[in-house]
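This is the structure I have questions about; it appears just below.
The values are calculated or read from the model by the stated rules, or taken from the named source; none is laboratory data. Computed from a predicted model, the values in this text were never measured in an experiment. Cβ placement follows ideal geometry from the backbone for every residue including glycine, while neighbour counts extend to all protein chains displayed.
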Amino acid sequence: MKLVAGLGNPGPEYVWSRHNAGWLAIDSFTERKGLGEPRMKFSGAFWPASQIEGESVAFLKPFTYMNLSGKSVVEAARYYDIAPPDVLIIFDDAAIPFGCLRYRPSGSAGGHKGMISVIALFGTLDIPRLRLGIGGPPEHIRMKDWALGKIPGEQRDVWPDVGNSAWEALSRWLRGMSGQGFTLKIAGFRQA
């Protein structure tokens, strides 16, 4: 069994925030699969395993707030005896332009507090991750305000394309085609 966890923050003030890109990816996946409403389990929204690419895959959106995401993810992984390399973490990354997605099979958290929490509680860097580009802030905006800010309309309009690229990345990971990592770019979107 595999677990896919999208990181984000609960609450209406965070809906469509850049920092909730991981949650938006999970929403896209569960809608595509027609999985319906989640169960409230593991301190989050949990969709039990369904078949994708010949694998049993469960989805999780931690409700622990970003900085404590590892609590929810590790609780679910341990309950189902899922090893860290079989857990895919999806989160936002300001170092990557909007419209780009990067997969890596392991590595540091890159300063992302949610991933720091996941790595600390698993006790290993060998956790696959899919980083969704949100682009960096202009000079006059603090990083925290940028990450918690709303995704602008032009980017929301192409979010289905981001979801499609994230699905392609998920499929590659499940088929074991991820190797040393890869980058995907959504078609037709021009960075401002």
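Scanning for something in contact with a Gly (Cβ under 6 Å, 6 or more places away or on another chain) and surrounded by 14 or more Cβ atoms within 10 Å (Cβ to Cβ), does the stretch 50-61 turn up at least one residue? Spell out the reasoning first.
Taking the stretch 50-61 first, the residues in contact with a Gly (Cβ under 6 Å, 6 or more places away or on another chain) are 60-61.
Okay, now just the ones that are also surrounded by 14 or more Cβ atoms within 10 Å (Cβ to Cβ), so 60-61.
Yes, the stretch 50-61 has at least one match.
Outside any strand (DSSP E or B), touching a helix residue (DSSP H, G or I) at 6+ places or on another chain (Cβ under 7 Å) and either over 24 Å from Ala49 (Cβ atoms) or touching a residue at least 12 places away in the same chain (Cβ under 8 Å) (or both): which single residue out of Ala120, Ala169 fits that description? Give the steps one after another, and end with the answer.
Working: Ala169 fails: touching a helix residue (DSSP H, G or I) at 6+ places or on another chain (Cβ under 7 Å).
Only one candidate passes the filter, namely Ala120.
In the stretch 89-117, how many residues are crowded, with 16+ Cβ neighbours inside 10 Å and either touching a Leu at 6+ places or on another chain (Cβ under 8 Å) or in a loop (DSSP other than H, G, I, E, B) (or both)?
19
Here's another thing I want to ask about it. If you check every pair at least six apart or on different chains, which have Cβ atoms under 6 Å apart with a residue in the stretch 75-96 that is farther than 19 Å from Gly8 by Cα first and a residue that is crowded, with 20+ Cβ neighbours inside 10 Å and not hydroxyl-bearing (Ser, Thr, Tyr) second?
Qualifying pairs under 6 Å: Ile82/Leu3; Pro84/Ile127; Asp86/Lys2.
Do you know which residues across the stretch 1-46 are of a type in the set (S, T, N, Q) and not in a helix (DSSP H, G or I)?
Asn9, Ser17, Ser43
Additional query: Pull up the stretch 172-192, narrow it to residues that are out of contact with any Gly (no Cβ under 7 Å at 6 or more places or on another chain), surrounded by 13 or more Cβ atoms within 10 Å (Cβ to Cβ) and not in a strand (DSSP E or B), then point me to the one that is modelled with the lowest pLDDT.
First pass over the stretch 172-192, keeping only residues out of contact with any Gly (no Cβ under 7 Å at 6 or more places or on another chain): 172-184, 187-188, 190, 192.
Checking the rest, the ones that are also surrounded by 13 or more Cβ atoms within 10 Å (Cβ to Cβ) come to 172-174, 178, 181-184.
Still in the list and also not in a strand (DSSP E or B): 172-174, 178, 181.
Numbers: Arg172: 95, Trp173: 95, Leu174: 95, Ser178: 71, Gly181: 92.
Checked the stretch 172-192; the qualifying residue modelled with the lowest pLDDT is Ser178.
Right, next: Hey, does the stretch 28-36 have a residue that's out of contact with any Cys (no Cβ under 9 Å at 6 or more places or on another chain), among the small types (Gly, Ala, Ser) and touching a residue at least 60 places away in the same chain (Cβ under 8 Å)?
Residues of the stretch 28-36 out of contact with any Cys (no Cβ under 9 Å at 6 or more places or on another chain): 28-36.
Subsequent filtering for residues that are among the small types (Gly, Ala, Ser) retains 28, 34, 36.
Filter again for touching a residue at least 60 places away in the same chain (Cβ under 8 Å), leaving 28.
Yes, the stretch 28-36 contains a residue that is out of contact with any Cys (no Cβ under 9 Å at 6 or more places or on another chain), among the small types (Gly, Ala, Ser) and touching a residue at least 60 places away in the same chain (Cβ under 8 Å).
Right, Leu68: surrounded by 24 or more Cβ atoms within 10 Å (Cβ to Cβ), within 25 Å of Ile151 (Cβ to Cβ), of a type in the set (A, V, I, L, M) and modelled with pLDDT of 95 or more or not? Spell out the reasoning first.
Values: surrounded by 24 or more Cβ atoms within 10 Å (Cβ to Cβ): no; within 25 Å of Ile151 (Cβ to Cβ): yes; of a type in the set (A, V, I, L, M): yes; modelled with pLDDT of 95 or more: yes.
It is false that Leu68 is surrounded by 24 or more Cβ atoms within 10 Å (Cβ to Cβ), within 25 Å of Ile151 (Cβ to Cβ), of a type in the set (A, V, I, L, M) and modelled with pLDDT of 95 or more.
Taking Arg18 as the residue in question, decide whether it is crowded, with 23+ Cβ neighbours inside 10 Å and modelled with pLDDT of 95 or more. Steps first, answer last, please.
Numbers: crowded, with 23+ Cβ neighbours inside 10 Å: yes; modelled with pLDDT of 95 or more: yes.
Considered against the rule, which asks whether it is crowded, with 23+ Cβ neighbours inside 10 Å and modelled with pLDDT of 95 or more, Arg18 comes out as yes.
Same structure again: All but one of (1) surrounded by fewer than 19 Cβ atoms within 10 Å (Cβ to Cβ); (2) closer than 19 Å to Ala58 by Cα hold for Phe122, so report the exception by its number.
(1) is the only condition that Phe122 fails.
Quick one: in the stretch 134-164, which of the residues that are among the hydrophobic types (A, V, I, L, M, F, W, C) and not in a helix (DSSP H, G or I) is surrounded by the most Cβ atoms within 10 Å (Cβ to Cβ)? Spell out how you get there, then give the answer.
Kept after step one, since they are among the hydrophobic types (A, V, I, L, M, F, W, C), are these residues of the stretch 134-164: 134, 141, 143, 146-148, 151, 158-159, 162.
Filter once more, keeping what is not in a helix (DSSP H, G or I): 134, 141, 151, 158.
Values: Ile134: 25, Ile141: 12, Ile151: 21, Val158: 16.
The selected residue is Ile134.
Against the condition more than 15 Å from Gly6 (Cβ to Cβ) and more than 15 Å from the chain's Cα centre (by Cα), how does Gly99 come out, does it pass?
On the way: more than 15 Å from Gly6 (Cβ to Cβ): yes; more than 15 Å from the chain's Cα centre (by Cα): no.
Spelling it out, it is not the case that Gly99 is more than 15 Å from Gly6 (Cβ to Cβ) and more than 15 Å from the chain's Cα centre (by Cα).
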